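Asks: Shown below is the structure under consideration.
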Amino acid sequence: MNTQTLYDKLWNSHLVRTEPDGTALIYIDRHLVHEVTSPQAFEGLRLAQRKPWSPISMLAVPDHNVPTTKRSGGIADPISRLQVETLDANCNEFGITEFKMNDIRQGVVHVMGPEQGATLPGMTVVCGDSHTSTHGAFGALAHGIGTSEVEHVMATQCLVAKKSKSMLVKVSGVLRNGVTAKDIALAVIGKIGTAGGTGYAIEFGGDTVRALSMEARMTLCNMAIEAGARAGMIAADDTTFAYLKGRPFAPHGAQWDQAVTYWRTLHSDEGAKFDTLVELNAADIKPQVTWGTSPEMVVAVDGLVPDPENAPDAVKRGDWERALAYMGLQANMPIEQIKIDKVFIGSCTNGRIEDMRAAAAVAKGKKVAGNVMLAMVVPGSGLVKAQAEQEGLDKIFIAAGFEWRDPGCSMCLAMNDDRLSPGERCASTSNRNFEGRQGQGGRTHLVSPEMAAAAAIAGHFVDVSKL
Amino acid sequence: MNKFTLLDGLVAPMDRANVDTDAIIPKQFLKSIKRSGFGPNAFDEWRYLDHGEPGMDNSKRQLNPDFVLNQARYQGAQVLLARENFGCGSSREHAPWALEDYGFRVIIAPSFADIFFNNCFKNGLLPIRLAEDKVDALFKAAAKAVGYRLTIDLEKQLITTPDGQRYAFEVDAHRKYCLINGLDDIGLTLKHKDDIKSFEAKHRAAQPWL
């Protein structure tokens, strides 16, 4: 019998046509839109006198530019404000559902979509944002696209694509105390490198992954792009269905039952062939901290900053030296001795309710260290914020000296006012530690929410598994 | 989109791996609602000594003398020589817009990030994957000779060096066709409108909850 991977099934069920060279037209079920990568696409539609093929497949939200304080006063920066207003106007003109800045459902697009049930198993999901891989956690084929492709999907409901190779990342066993999906993701990237997944669609499997909650699965798939893979995915199962049931965009009644029957087929068949297999033992994974300017520059919290002398080749040695200089770190320094100036808890990677709970559990009854100038918690959406407040998490954070903000992308990429100053060092739950990512000259260390909260309290990195 | 057929261009080397799209065009310039004018801010944080913001007069800003593209010998470069995983990170198409607006038409590297690679073809930029040892040889040659140029023939899928060495490269037939003819995909895809409609009808019948 012909065995198929989950990726094969998702690809084949959306194939409109294939050209002789393998270039295919793939039908897109869900198109998520935000303010940064869409204005030029809408303008392109207008110039060509085209209309969106299926406005109901689209769902829009402003997230990158929105302020996380004093939101009722609007956006102070006129350029940011124009970009958000342009999204509002475009959605209005073309009849696209949008959760505007002051709607409680507003949030980071990759938190908002799943929360609304707008991402369903078996779907193809695109968005002009590389972290669209997040939605693969539902057994969907989801990946980021550029603005030309945003316009293409708007106009044709299809994407021109070529099938990727397939990679299975299999994680087995029980995670240590204090080790999270974020640490799995960083450990995978540390192992295969930021280009390790280039040209691949990654499926995450194994009993460790099966045991993860939906929030944790989203964190894992979110970071697939940092391993170079446009798409990450996890087979749909009862955890997926329990998360989706009753959400606004999810099917209801008889259609729910019909959908679940189909969704149960969305897994790789026994014996399905992958082009590459990567295996990790969960028990080997410790809390991770990045030390450099690429997510692959990562070590366990009890490790040392690497020495460029030990780099595998000359190009890497140069990269490590540049990274150490930029980060202001010495080779062979223990990670736990690195002192931090700021803490950012939030983003499409770690801005969900579980992340808020995990960070609050560490912060409860403690105080942010004196050397930490700012520790901010930015919930991923208005609904995450409301839920957290209902649980009293906001009070825990505020009592400990954290700032409790309004939802948005915030200091993950620092397009709004939330940013690092040159030389400032941040423990961040976001996804990229590139030079300047959180502000020009800013120094980012990627960690889990638990590790970020623990660093805020201690003033330096500590092994959360030992607390 | 600009057509690409044949180019004889000056080469500039960028000798570091994992050059990300945040470095190619920093986030503050993504607030623009236009798709042009990003060239003066390409590599902004590396290129200038001050902090750049939209709306600044870039001609009055102080250039970083240590940044490779600021060297006199690389002015007017159209071919960027790069290392592994060029264009990683964010999906921002502003990155190829900035490179193209700066004047580049070709990027040669051992590997590219998938989304960036794809975005290049939509903007008249040709990204070429070449084996690491060949890229290395080109880096050495470009460092040695001031004014080092390469000829890139997309039709024949050939790079020719000044001393007549030839490197063949791969490119998808569909992408090559679009680039040579300066075609955008939407018009081509809409030729298959009936296929899309019939697929959509079947798809929705099978999954009525969509």
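Asks: Could you tell me which of B:Tyr102, B:Gly124, B:Leu158 has its Cα farthest along the dipole of chain B towards the positive end, charges placed at Cβ (Lys, Arg +1; Asp, Glu -1), taken about the Cα centre?
Replies: Result: B:Gly124.
Asks: Quick query: amide H of A:Leu120 versus all other amide H atoms, modeled in the peptide plane; which residues come in under 5 Å with a sequence gap of 5 or more or a different chain?
Replies: none
Asks: Moving to a separate point now. Charges at C-beta only: +1 for Lys and Arg, -1 for Asp and Glu. How large is the resulting dipole of segment B:6-206 about its Cα centre, in Debye rounded to 20?
Replies: Dipole about the Cα centre, nearest 20: 340 debye.
Asks: Let me ask something additional. For segment A:254-354, which trypsin sites (Lys or Arg not before Pro) are both in a DSSP coil and crowded by at most 16 other Cβ atoms within 10 Å?
Replies: Passing both the DSSP loop test and the Cβ count: A:Arg264, A:Lys273.
Asks: Also, quick follow-up: Non-local amide H neighbours of B:Leu126 (under 5 Å, H modeled in plane, Pro and chain starts lacking H): which ones?
Replies: Amide H neighbours of B:Leu126, under 5 Å, 5+ apart: B:Val106, B:Ile107.
Asks: Which of the trypsin sites (Lys or Arg not before Pro) found in segment A:1-93 are loop residues per DSSP with 16 or fewer other Cβ atoms within 10 Å of their Cβ?
Replies: For trypsin sites (Lys or Arg not before Pro) across segment A:1-93 that sit outside H, G, I, E and B with at most 16 neighbouring Cβ atoms in 10 Å, the list reads A:Arg50, A:Lys70.
Asks: Another one. Given H placed 1.01 Å from N in the peptide plane, which residues other than close sequence neighbours of A:Val169 have an amide H under 5 Å from its amide H?
Replies: A:Glu203, A:Phe204, A:Gly205, A:Val278
Asks: For segment A:114-195, would you read off the P(r) tail past 16 Å as a percentage of all alpha carbon pairs?
Replies: Every Cα pair in segment A:114-195 considered, those over 16 Å come to 65 percent.
Asks: Okay, next question. Pull up the DSSP beta bridges for chain B and report the antiparallel fraction as a percent, rounded to 5.
Replies: Percent antiparallel among DSSP bridges in chain B is about 50.
Asks: With the cut-off at 1.5 for a/c, could you classify the protein assembly as shown from its C-alpha gyration tensor as rounded, prolate or oblate?
Replies: rounded
Asks: Per residue of segment A:166-171, what does 6.51 cos²θ - 1.76 cosθ + 1.60 with θ = phi - 60° give for ³J(HN,Hα)? Whole Hz please, x for Gly and Pro, Karplus curve as stated.
Replies: Listing the rounded values in order: 10, 10, 9, 9, 10, 10 Hz.
Asks: Would you kindly derive the ³J(HN,Hα) couplings of segment A:334-346 from the backbone phi angles with the Karplus curve 6.51 cos²θ - 1.76 cosθ + 1.60 (θ = phi - 60°), listing them in order in whole Hz, with x for Gly and Pro?
Replies: Couplings: x, 4, 5, 8, 7, 8, 10, 9, 9, 9, 10, 10, x Hz.
Asks: Over all Cα pairs of segment B:6-206, how is the pair count split among 5 Å bins, expressed in % and running from 0 up to the last occupied bin?
Replies: All Cα pairs considered, the percentages come to 1, 7, 14, 18, 18, 15, 10, 7, 4, 2, 2, 1, 0.
Asks: With both partners inside the protein assembly as shown, how many of the DSSP beta bridges are antiparallel, as a percent to the nearest 5?
Replies: DSSP beta bridges in the protein assembly as shown are roughly 30 percent antiparallel.
Asks: Could you pull out the pairs from B:Lys3/B:Lys176; A:Lys339/A:Lys364; A:Lys165/B:Lys202; A:Lys9/A:Lys182; A:Lys191/A:Lys273; A:Lys162/B:Lys3 whose alpha carbons sit more than 18 Å apart here?
Replies: A:Lys339/A:Lys364; A:Lys165/B:Lys202; A:Lys9/A:Lys182; A:Lys191/A:Lys273; A:Lys162/B:Lys3
Asks: Let me ask something else. In Å, what Kirkwood hydrodynamic radius results for segment A:236-379 from the alpha-carbon pair distances?
Replies: Here the Kirkwood hydrodynamic radius works out to 20.0 Å.
Asks: Find the relative contact order for chain A and round it to a whole percent, using C-alpha pairs within less than 8 Å whose residues are 6+ positions apart.
Replies: For chain A, the relative contact order is 17 percent.
Asks: Loop only per DSSP, at most 14 neighbouring Cβ atoms within 10 Å: give me the chymotrypsin sites (Phe, Trp or Tyr not before Pro) in segment A:5-60, ordered by residue number.
Replies: Listed in order of number, the matching sites amount to none.
Asks: Shifting gears a bit: Remind me, relative contact order of segment B:6-206 in percent, using alpha carbon pairs under 8 angstrom and six or more residues apart?
Replies: Relative contact order here is 23 percent.
Asks: Please list 3J(HN,Hα) in residue order for segment B:98-108, calculated via the Karplus relation 6.51 cos²θ - 1.76 cosθ + 1.60 where θ = phi - 60°; whole Hz, with x for glycine and proline.
Replies: 5, 5, 5, 5, 5, x, 6, 10, 9, 10, 10
Asks: Please name which of A:Gln83, A:Met376, A:Ala185 has its Cα lying farthest along the dipole of chain A towards the positive end, using unit charges on Cβ (Lys, Arg +1; Asp, Glu -1) and the Cα centre as origin.
Replies: Looking along the dipole axis, the top candidate is A:Met376.
Asks: Considering the options A:Val160, A:Pro67, A:Met411, tell which one lies farthest towards the positive end of the dipole of chain A, charges being +1 on Lys and Arg and -1 on Asp and Glu at the Cβ, about the Cα centre.
Replies: Among A:Val160, A:Pro67, A:Met411, the one farthest towards the positive end of the dipole of chain A is A:Pro67.
Asks: Roughly what would the spin-label model give for A:Lys395 and B:His203, points 7 Å off Cα along C-beta, in nm?
Replies: The two pseudo-label positions are separated by 4.9 nm.
Asks: List the longest stretch of chain B that has no exposed loop site; here a site is one of the GluC sites (Glu not before Pro) assigned by DSSP to anything other than H, G, I, E or B, with at most 16 other Cβ within 10 Å.
Replies: B:1-154
Asks: If you average 1/r across every pair of different Cα atoms in segment A:317-467 and take the reciprocal, what Kirkwood value do you get, in Å?
Replies: About 15.2 Å, per the Kirkwood formula over Cα pairs.
Laboratory data are not the source of any read-out in this text; all were calculated from the coordinates shown. Owing to the predicted nature of the structure, the values given are computational and were not obtained by experimental measurement. Note that we place each Cβ from the backbone using ideal geometry, even for glycine, and neighbour counts take in every protein chain shown.
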